[in-house]
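> Take this structure first; my questions come after.
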Protein chains: 2
Amino acid sequence: MNNARPNMPVAVVGLGLMGSSIVVSLLASGHPVIALAPVPGEKEPALQHIVDLLRHAEASGLLVKGLNHYVQRLRVTEDYNEIAACHFVQECVIEDKAIKKMVYQKIAAHVADDAIIASNTSAIPISELQEFVPAPHRFVGVHWAEPAYMTRFMEVTCGTATDLGIAEQVVQLGKSWGKEPTLLRKDIRGFITNRLMYAVYREALTLVENGDTTLADADKVFRYDVGSWVTLMGVFRRMDFMGFGDYITSFERLLKELSNRSDVPRQMSRMVAEDAKGVHNRRGLYTYNEEQAKAWEEAFARFNKDIYELASKYSEQQLIEAIPYYEENKLSKI
Amino acid sequence: MNNARPNMPVAVVGLGLMGSSIVVSLLASGHPVIALAPVPGEKEPALQHIVDLLRHAEASGLLVKGLNHYVQRLRVTEDYNEIAACHFVQECVIEDKAIKKMVYQKIAAHVADDAIIASNTSAIPISELQEFVPAPHRFVGVHWAEPAYMTRFMEVTCGTATDLGIAEQVVQLGKSWGKEPTLLRKDIRGFITNRLMYAVYREALTLVENGDTTLADADKVFRYDVGSWVTLMGVFRRMDFMGFGDYITSFERLLKELSNRSDVPRQMSRMVAEDAKGVHNRRGLYTYNEEQAKAWEEAFARFNKDIYELASKYSEQQLIEAIPYYEENKLSKI
């Protein structure tokens, strides 16, 4: 692990939407991957899904070698014995502490003492999860975005017991996978991205419940406002482009109007009660017939490729070359 | 006004960053534009800035005719007498109620009774502003995004006295300008987009004040997470792609952790105290030398064109053609 190399075998445990997508990212980065299905019956559909995603990655120009090269380096299994040689194990099972505990115990019983175990959780503190493994200092949060093989987002999070050196090794690994990892030294609930996004969900869902807007209009404004700049810059760089003249007025007037609720908005409870999986089972916040769900999935697959390519023109690396002395963390003193 | 046509003369009052950009959008849409500088000394630099923006619009393929055609249809002035023939007047002066009041009184004294007056405000309620004009039913909020000639965002907002038919006429006008307007029937503070964005600012600035993250890292996660999907879809369509399995857990755990503050975060007070205009005067949340500020402005100009073109491939119109029976507001019943 100290000499992380592309052909180091790695494991992914949990082969849902995110897990399958992470498997493809790791394969595309050169790793042999043991893809472990902890749920009975998940193995066959997961293999099919992963191969489909590999095809999408190939069509998007992300694979250096032919499809079969990667398929041969993939092993889908239900047997924990097969992860024995893996020094990096990414867990992405559901957000249930008891289930995760059981999974970690099985992983820890099968890997070497110096393996790193990473969780994709964004709902449960790393500090709580690392109590379930014998080497908590080698346990870290690694939070991916979907589709994992076409996004640059990655949050690496330390629990209270995590060795910072281990977390920094994982950041380097993340860079070798083409990510732009952020390192969170303190294990705050929801890390950063989820806190920002749940702040948006809370406000938007409350406005909808109050009849002030619709989900579709909230989507529309977010899409056409944020969508016009965020692939280049975050919210604060955006402020540097807009100036600060009117911000104080807006902070003074708006903050006291924003929702401070902590109960679950009822649209969300309803979706879970209805087992809504959105486009995947055609029950979601929007309605879809089979044809529409398929068309949306195709549009998203095309879009992933397009936005990945566009973002590549404005990656940190590109900006470093285009903008002299650019340092990503160079902020004026606060 | 009932027969809104591209060559209908319109006026823009206030020629700062947004005002100049709106002038270009209206010129590019075919209108002759009276650009009124209410601040002494603003006229000359505004003319220069507008012509620069027209050049950017031309280089981006947004102008059907040559640059001079548009320059000849532009009149920059300080004289309110020149807006007499305009049946649509867009105000975008600073967010100061007393100043806006004075501006509206001057506008109303010079235009025809059936003119529509629109404010770009996002900080002051339309219901309060429309009290300053003799025909409040013809007063409406029209909130643009920067750069106005290359974004599709537009919020049309009714005050309590606004005639809904007038607001709907403005929505149609917005469509003729290539926008995707949302219509807000009720004048809620901050409309929709600002409430969503201030919810993000509140949370992110609080995390920074607490030492949990940095502005640069908050920017990075937002950029690489949201930036990977938002140009195609809003936050709720995104949920339909991710499924809802873990959302309840996250709502239950996260909402009670989010910031509920209503005071102005100190980074913002500091920016205003320092007269920070970001890249424009090289004082902002990030630091810039002259070369870096210029490089960022150039990167943004290039990016605007790229993202506008990419978004065009996934516009509402494109989605309607690609996705059978697509209806933007077709939501499952809540």
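The values are calculated or read from the model by the stated rules, or taken from the named source; none is laboratory data. Keep in mind it's a predicted model, so treat the numbers as computed, not measured. Quick reminder, even Gly has a Cβ in these numbers, built from the backbone with ideal geometry, and neighbours come from all protein chains shown. The protein model used for the area step is the full one, side chains on, heavy atoms only, and it has no ligands, DNA or RNA in it. Shrake-Rupley method; radii C 1.70, N 1.55, O 1.52, S 1.80 Å.
> Pairs under 7 Å by beta carbon, first residue more than 7 Å from every other protein chain (Cβ to nearest Cβ) and β-branched (Val, Ile, Thr) in the range A:180-209, partner in a helix (DSSP H, G or I) and surrounded by fewer than 23 Cβ atoms within 10 Å (Cβ to Cβ), six or more apart or different chains?
A:VAL208/A:GLN267
> May I pose another question? Could you list all residues from the range B:33-55 that are open to solvent by less than 40 Å² (accessible area, probe 1.4 Å) and either over 10 Å from B:LEU15 (Cα atoms) or part of a helix (DSSP H, G or I) (or both)?
B:VAL33, B:ILE34, B:ALA46, B:ILE50, B:VAL51, B:LEU53, B:LEU54
> Let me confirm something: among A:ASP212, A:ASP306, A:ASP240, A:ASP263, which residue is touching a Leu at 6+ places or on another chain (Cβ under 8 Å), at the interface with another protein chain (Cβ under 7 Å from one of its Cβ atoms), outside any helix (DSSP H, G or I) and free of Cβ contacts under 8 Å to residues at least 40 places away in the same chain?
One residue alone meets the criteria, A:ASP212.
> Another one. For the range B:266-297, which positions are in a helix (DSSP H, G or I) and open to solvent by 10 Å² or more (accessible area, probe 1.4 Å)?
B:ARG266, B:SER269, B:ARG270, B:VAL272, B:ALA273, B:GLU290, B:GLU291, B:GLN292, B:LYS294, B:ALA295, B:GLU297
> All but one of (1) assigned to a strand (DSSP E or B); (2) without any contact (Cβ under 8 Å) to a residue 12 or more places away in the chain hold for B:LYS175; state the number of the condition that does not hold.
Result: B:LYS175 fails condition (1) only.
> Just one of (1) without any contact (Cβ under 8 Å) to a residue 40 or more places away in the chain; (2) open to solvent by less than 10 Å² (accessible area, probe 1.4 Å) trips up B:VAL103, so point out which.
(1)
> How many residues are open to solvent by 20 Å² or more (accessible area, probe 1.4 Å) and either in a helix (DSSP H, G or I) or over 12 Å from B:VAL221 (Cβ atoms) (or both) if we restrict to the range A:178-193?
5
> What residue, of A:PHE222, A:PHE251, is within 7 Å of chain B (Cβ to nearest Cβ), hydrophobic (A, V, I, L, M, F, W, C) and under 26 Å from B:LYS179 (Cα atoms)?
Going through A:PHE222, A:PHE251 in turn, just one is within 7 Å of chain B (Cβ to nearest Cβ), hydrophobic (A, V, I, L, M, F, W, C) and under 26 Å from B:LYS179 (Cα atoms): A:PHE222.
> Starting from residues that are over 15 Å from the mean Cα position of the chain (by Cα) and not polar (S, T, N, Q), keep the ones in the range A:14-32 and report whichever is surrounded by the fewest Cβ atoms within 10 Å (Cβ to Cβ).
Step by step, filter the range A:14-32, then rank; the result is A:GLY30.
> While we're on this one: Going through B:GLN130, B:GLN172 one at a time, which residue ends up being buried (at least 22 other Cβ atoms within 10 Å of the Cβ) and over 15 Å from the mean Cα position of the chain (by Cα)?
B:GLN130
> Being closer than 26 Å to B:LYS256 by Cα, under 23 Å from the mean Cα position of the chain (by Cα) and in the same structural domain as A:GLN292 (by TED's automatic domain parsing) is true for just one of A:VAL226, A:VAL230, A:VAL279. Which residue is that?
Exactly one residue qualifies, and that residue is A:VAL226.
> If I go through the range A:239-254 residue by residue, how many of them are surrounded by fewer than 23 Cβ atoms within 10 Å (Cβ to Cβ) and either of a type in the set (D, E, K, R) or at pLDDT 95 or above (or both)?
Of the residues in the range A:239-254, 3 are surrounded by fewer than 23 Cβ atoms within 10 Å (Cβ to Cβ) and either of a type in the set (D, E, K, R) or at pLDDT 95 or above (or both).
> What are the residues in the range A:60-71 that are open to solvent by less than 80 Å² (accessible area, probe 1.4 Å) and part of a helix (DSSP H, G or I), if any?
Answer for the range A:60-71, where residues must be open to solvent by less than 80 Å² (accessible area, probe 1.4 Å) and part of a helix (DSSP H, G or I): A:LEU67, A:HIS69, A:TYR70, A:VAL71.
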